[in-house]
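Novice: First the structure, then my questions, so here it is.
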Amino acid sequence: MKNKNTDFDLFVVGAGSGGVRAARLASQSGAKVGIAEKDRIGGTCVIRGCVPKKFFSYSSKFAKHNTVAKSYGWHHEETIFSWDKLIENKNKQIEKLSGIYRSNLEKAGVKIFESEANIIGSNIVRLSNGDEYYAKKILIATGAKPNFPDIKGAKYGISSDDFFELEKLPQKIIVVGGGYIALEFSSIISGLGSKCDLLYRGDKLLKGFDQDISRIITQELQSEKCNVRLNTDVIEITKNENQFEVLTSDGDRLKADLVLFATGRLANVDCINKDLKIKINFNNSVWVNKKYQTTIPSIFAVGDVSNSDHLTPVAIREAMIFARNEFEKDNGNYVIENIPTAVFSSPEIGTVGLNEDQALKKYKKIDIYTSSFRPLYYTLSDINIKTYIKLIINNKSQRLVGFHMVGDDAAEITQIISTLINKKIKKSDLDNTIPLHPSTSEEIMTMRDMVTKEI
């Protein structure tokens, strides 16, 4: 090794949300820590994921809010959207956030290497310049990368990562996929005024979500600007000058200025030397035990590279547990369950706990409460947007075990409900809570229409 005298108690590969949290906590516990990142510090969430996506989502909703404003007496001249201004301001904020992540690492005493890193031994990391470092423990926190389907002409498509760097917003875009990324970008594209075809090979969007949520969001997404096509696979993509043509499984040839693949993400395991005996799961993720330890005891993994949730808060929580267990000797029994999830589509989705099918399978008999209503905010306008709320109750214990919502502020409300589910509250606790009027959330306290299902 070139740097034989340099060693670390912990070397982290990947400076995303999970890697940064683990590095900081370990260093604050007195460990000597190094971290390597080949891109900007902050990882997927900060640089090309949750944060810029939320900026774009906010931007896409102003056309709707401007229309509602007129019904409340506001008058303004024609509004003009500027893609250049959105990109400029997004870049400024991302740069600022990345700088904050860097500063926090430096304040904690973590040594930062702006370099690609490869794990070539159970305790050895090699940087792109050839320098090698010995570490007592190595943490893989490299996240996930976009997955492109194996179809002819796939090279002409881009991923959601690339969308944030487009120089201009195309007028016609085809989005391929049926998960949360596909729905979010379809909403963003149509909300910003471009036309969008959403193509999904399955028969329902959002696999794994509650069936009613899937049904409702499919109806809500369908509009003049967004055409949802289920049971539609992409066979081939060809390019003709500055336009693309997509051949579908039903024989249609669709033309677009851009093809965006939102066909999932795969664990990024490129940093692992192929000679290392680290077990890789069938879905390309790194296998880990309950202590986030791989099949090599000195090498650990947290976040999207090793779990299937692909959520920033989960990566951060796993990193915290890892650091406390390994460097603070805190063997607390941390449980990761009832993970709240949001889809920042238009309308927004929030969900936590079990969906209907899962609850029926687990409890055999459940009570379901649903409510669909037009929020007060839209009643003065011609916009007919409804909010949908679904509660799932264990029939025997009467405990709340699932919450699902489509509508404005669904994410914010779901976060609060996740605490209630973790505290194992009962339906009667909701009934006995004084509702706050007028509000969307008061509906949760006043739901009475029930359907009981059992198997």
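The values are calculated or read from the model by the stated rules, or taken from the named source; none is laboratory data. What you are looking at is a predicted structure, and each value in this text was computed from that prediction instead of being measured. Positions of Cβ are generated from backbone atoms using ideal geometry, with glycine treated the same way; all protein chains shown enter the neighbour counts.
Novice: Being touching a helix residue (DSSP H, G or I) at 6+ places or on another chain (Cβ under 6 Å) and either free of Cβ contacts under 8 Å to residues at least 60 places away in the same chain or more than 16 Å from V12 (Cβ to Cβ) (or both): is that true of S103 here? Give the derivation first.
Specialist: Details: touching a helix residue (DSSP H, G or I) at 6+ places or on another chain (Cβ under 6 Å): no; either free of Cβ contacts under 8 Å to residues at least 60 places away in the same chain or more than 16 Å from V12 (Cβ to Cβ) (or both): yes.
Taking the combined requirement at face value, the residue does not satisfy it.
Novice: Write out, first by first residue and then by second, each pair whose Cβ atoms fall under 6 Å of each other, whose residues are 6+ apart or on separate chains, and whose first residue, in region 415-428, is within 9 Å of L400 (Cα to Cα) while the second is small (G, A, S).
Specialist: Pairs that qualify, where the first residue is within 9 Å of L400 (Cα to Cα) and the partner is small (G, A, S), are I421/G353.
Novice: Looking at S306, S249, which is the one that is more than 30 Å from V352 (Cβ to Cβ) and either surrounded by fewer than 21 Cβ atoms within 10 Å (Cβ to Cβ) or within 21 Å of the chain's Cα centre (by Cα) (or both)? Can you show your working first?
Specialist: Details: S306 fails: more than 30 Å from V352 (Cβ to Cβ).
The conditions single out S249.
Novice: Name the residues in region 431-455 that are under 30 Å from E184 (Cβ atoms) and surrounded by 13 or more Cβ atoms within 10 Å (Cβ to Cβ), would you? Break it down into steps so the answer makes sense when it comes.
Specialist: Keep residues of region 431-455 that are under 30 Å from E184 (Cβ atoms), which gives 436, 438-445, 447.
Hits for region 431-455 are S439, T440, S441, E442, E443, I444, M445, M447.
Novice: Something else about it: How many residues are of a type outside the set (S, T, Y) and surrounded by 22 or more Cβ atoms within 10 Å (Cβ to Cβ) if we restrict to region 127-136? Even if it seems obvious, please write down each step before you answer.
Specialist: We begin by selecting, within region 127-136, every residue of a type outside the set (S, T, Y); these are 127, 129-132, 135-136.
Imposing the further condition that a residue be surrounded by 22 or more Cβ atoms within 10 Å (Cβ to Cβ) reduces the set to 135.
So the count comes out to 1.
Novice: Further question: In region 179-223, what count of residues is obtained for those that are without any contact (Cβ under 8 Å) to a residue 12 or more places away in the chain and either more than 24 Å from T370 (Cβ to Cβ) or among the basic types (K, R) (or both)?
Specialist: Step one: of region 179-223, the residues without any contact (Cβ under 8 Å) to a residue 12 or more places away in the chain are 214-215, 219, 222.
Subset that is either more than 24 Å from T370 (Cβ to Cβ) or among the basic types (K, R) (or both): 215.
So the answer is 1.
Novice: Let me ask something else about it. Starting from region 153-167, take each residue that is assigned by TED's automatic domain parsing to the domain that holds I235 and list its partners that are crowded, with 16+ Cβ neighbours inside 10 Å and hydroxyl-bearing (S, T, Y), counting only C-beta distances under 7 angstrom and pairs at least six apart or across chains.
Specialist: Within 7 Å, no pair qualifies.
Novice: Let me ask another. With region 351-427 as the region, which strands (runs of 3 or more DSSP E) entirely inside it contain at least 3 residues that are outside the structural domain of R215 (by TED's automatic domain parsing) and within 21 Å of the chain's Cα centre (by Cα)? Steps first, please.
Specialist: On the way: elements: 365-373, 387-394, 400-406.
It comes to 400-406.
Novice: Conditions first: (1) under 21 Å from D409 (Cα atoms); (2) surrounded by 14 or more Cβ atoms within 10 Å (Cβ to Cβ); (3) in contact with an Asp or Glu (Cβ under 9 Å, 6 or more places away or on another chain). I87 passes all but one, so which condition is the exception?
Specialist: With (1) under 21 Å from D409 (Cα atoms); (2) surrounded by 14 or more Cβ atoms within 10 Å (Cβ to Cβ); (3) in contact with an Asp or Glu (Cβ under 9 Å, 6 or more places away or on another chain) applied to I87, the lone miss is (1).
Novice: Is it the case that K145 is charged (D, E, K, R) and not in a loop (DSSP other than H, G, I, E, B)?
Specialist: On the way: charged (D, E, K, R): yes; not in a loop (DSSP other than H, G, I, E, B): yes.
Spelling it out, K145 is indeed charged (D, E, K, R) and not in a loop (DSSP other than H, G, I, E, B).
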